[in-house]
Amino acid sequence: MTTTTSRPQLATTVARLREILAPVRRRDEKIGLVPTMGALHAGHLSLVRGSQAECDYTVVTIYVNPSQFGPGEDLARYPRTLQVDLDALARCGADLAFAPTHEEVYRAGYSTWVEPGDVAEPLEGRCRPGHFRGVATIVLKLLNMVHADVAYFGQKDYQQALVIRQMVRDFDVPIEIRVCPTVRDPDGLALSSRNGYLSPDARRRATVLWKSLQLAQELVAQGQRDARTIARRMRELVLTAEDAQIDYVALVDPGSLEPVDRLTGRTLAALAVRIENTRLIDNCFLEC
Ligand code: AMP
């Protein structure tokens with residue numbers, strides 16, 4: 001890992017991005033890409049470190065992509081902290097930050113969209129119609145802009161990583177996709193740029209997501225294999241938090257995201273919960 005305090009180079013246009021990357025490519029360096037919406041935290045930075053561990057040059061994109069937000073979601077208030085993000089990237093030695101404007105990404109007359117397949121339908125797809133269409137479109141655009149060798153995503157957004165993997169396979173995009181472990185606060189809450197919306201009391205209550213995933217792991221360790229029973233116990237635990245509203249608690253096949261009845265192998269437990277109107281998601285594998 002490189003440690004430096006000099007800021008990464010900053011590009012805000014595709015032309016400048018390509019200009020900076022041209023000599024990197026001529027040197028035949030391996031390029032890693034970390035797509036983010038900014039408001040960087042240790043989860044994002046773990047992806048940067050993942051890239052630095054296997055690539056010669058790391059590009060971090062910072063762009064709050066409007067097309068993945070639904071009407072009534074938090075696009076307007078989503079945190080935008082570019083200068084602080086650049087400082088964080090300097091501390092961990094990222095090479096290039098690409099922070100385009102909206103006009104640069106969706107130029108006047110923009111009209112092409114990626115329609116993701118079945119894996120985008122359940123869970124987040126059902127709760128946030130159009131979300132993965134926006135995600136797949138922006139990620140494909142970023143992959144085309146950067147032409148990286150490897151792109152890094154977080155397991156916290158497990159379904160997103162599956163959608164991207166499927167898109168890359170279907171569109172023959174020459175890139176490897178890595179999914180890195182979820183980084184958590186010491187009390188288990190998965191780091192998220194949205195955690196900052198929570199009041200101190202809601203922040204305390206938000207630990208029920210991780211507690212319910214741990215409960216699922218304990219039940220499986222005790223021999224429970226009935227998915228409905230595990231999901232019911234998780235729901236009961238989540239609802240002990242005042243004001244918690246469940247979007248879903250699901251036990252699914254980690255490849256297809258189809259619901260399972262009985263656990264017979266690795267299963268994904270995933271949930272989305274609103275606490276004080278902040279929507280939080282988390283997941284973990286259940287091994288049996
Ligand atoms: P976002 O800025 O929320 O779009 O996230 C950008 C990338 O960081 C995505 O691949 C996320 O899955 C990943 N990410 C977000 N939170 C975490 C976390 N707590 N641990 C690891 N990766 C994360």
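The values are calculated or read from the model by the stated rules, or taken from the named source; none is laboratory data. A quick note: this is a predicted structure, and the numbers were derived from the prediction, not measured. Ideal geometry is used to build each Cβ from the backbone, glycine not excepted, and the neighbour counts take in all protein chains shown. For the accessible areas, the whole protein counts, side chains as well, though only heavy atoms, and no ligand, DNA or RNA atoms are used. Shrake-Rupley method; radii C 1.70, N 1.55, O 1.52, S 1.80 Å.
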The chain: most fluctuating residue of 58, 112, 207 per GNM, C-alpha cutoff 10 Å: 112
Counting only residues 5 or more places away or on other chains, whose amide H sits under 5 Å from the amide H of residue 30 once H atoms are built in the peptide plane? 56, 57
For residue 176, other-chain or 5+-apart residues with amide H closer than 5 Å (H placed, Pro excluded) are 150, 151
Around residue 63, what is the net charge, scoring Lys/Arg as +1 and Asp/Glu as -1 over all other residues with Cβ under 15 Å from its Cβ? +1
Can you sort 119, 179 by solvent-accessible area, 1.4 Å probe, largest first? 179, 119
Got a number for the accessible area of residue 175? Probe 1.4 Å, square angstrom, nearest 10. 20
With +1 assigned to the C-beta of every Lys and Arg and -1 to the C-beta of every Asp and Glu, and no other charges, what is the dipole magnitude of the chain about the Cα centre in debye, to the nearest 20? 260
Within straight cross-link reach of residue 141, meaning Cα distance under 13 Å, which aspartates and glutamates are found once same-chain residues fewer than 8 apart are removed? 104
Just to be sure I follow: if Rg is taken over the C-alpha atoms of region 59-143 and Rh is the Kirkwood radius over the same atoms, what is Rg/Rh? 1.01
Considering only the other residues whose Cβ falls under 12 Å of the Cβ of residue 276, what net charge follows from Lys and Arg at +1 and Asp and Glu at -1? +3
If you build the Cα gyration tensor of region 152-288 and take the root of 5 times each eigenvalue, what three semi-axes come out, in whole angstrom, biggest first? 25, 21, 12
With +1 on the Cβ of every Lys and Arg and -1 on the Cβ of every Asp and Glu, the dipole magnitude of region 8-52 about its Cα centre, in debye rounded to the nearest 20, is 100
Could you derive backbone 3J(HN,Hα) for region 104-109 from the dihedral phi with the Karplus parameters 6.51, -1.76 and 1.60 (θ = phi - 60°), listing whole Hz in sequence and x where the residue is Gly or Pro? 6, 7, 10, 5, 3, x
The Cα extents of the chain along the principal axes, largest first and rounded to whole Å, are 56, 41, 40
Output wanted: per-residue J couplings in Hz (rounded whole) for region 209-217, from phi through Karplus 6.51 cos²θ - 1.76 cosθ + 1.60, θ = phi - 60°, x for Gly and Pro. 4, 5, 4, 6, 5, 5, 4, 4, 5
In the Gaussian network model of the chain, springs joining C-alpha atoms below 10 Å, which of 69, 132, 153 carries the largest mean-square fluctuation? 69
Residues other than residue 260 with Cβ under 13 Å of its Cβ, Lys/Arg counted +1 and Asp/Glu -1, net out at 0
Protein accessible area in the chain, 1.4 Å probe - carbon and sulfur %: 49
Using each residue's phi in region 80-90, evaluate 6.51 cos²θ - 1.76 cosθ + 1.60 at θ = phi - 60° and report the 3J(HN,Hα) Karplus result to the nearest Hz, with x for Gly and Pro. 10, 9, 3, 5, 5, 4, 5, 5, 5, 5, 5
Candidate lysines for bridging to residue 156, where Cα separation is under 20 Å - those fewer than 8 sequence places away on the same chain excluded: 211
Placed amide H near residue 247: partners under 5 Å, 5+ positions off or other chain: 272, 273, 274
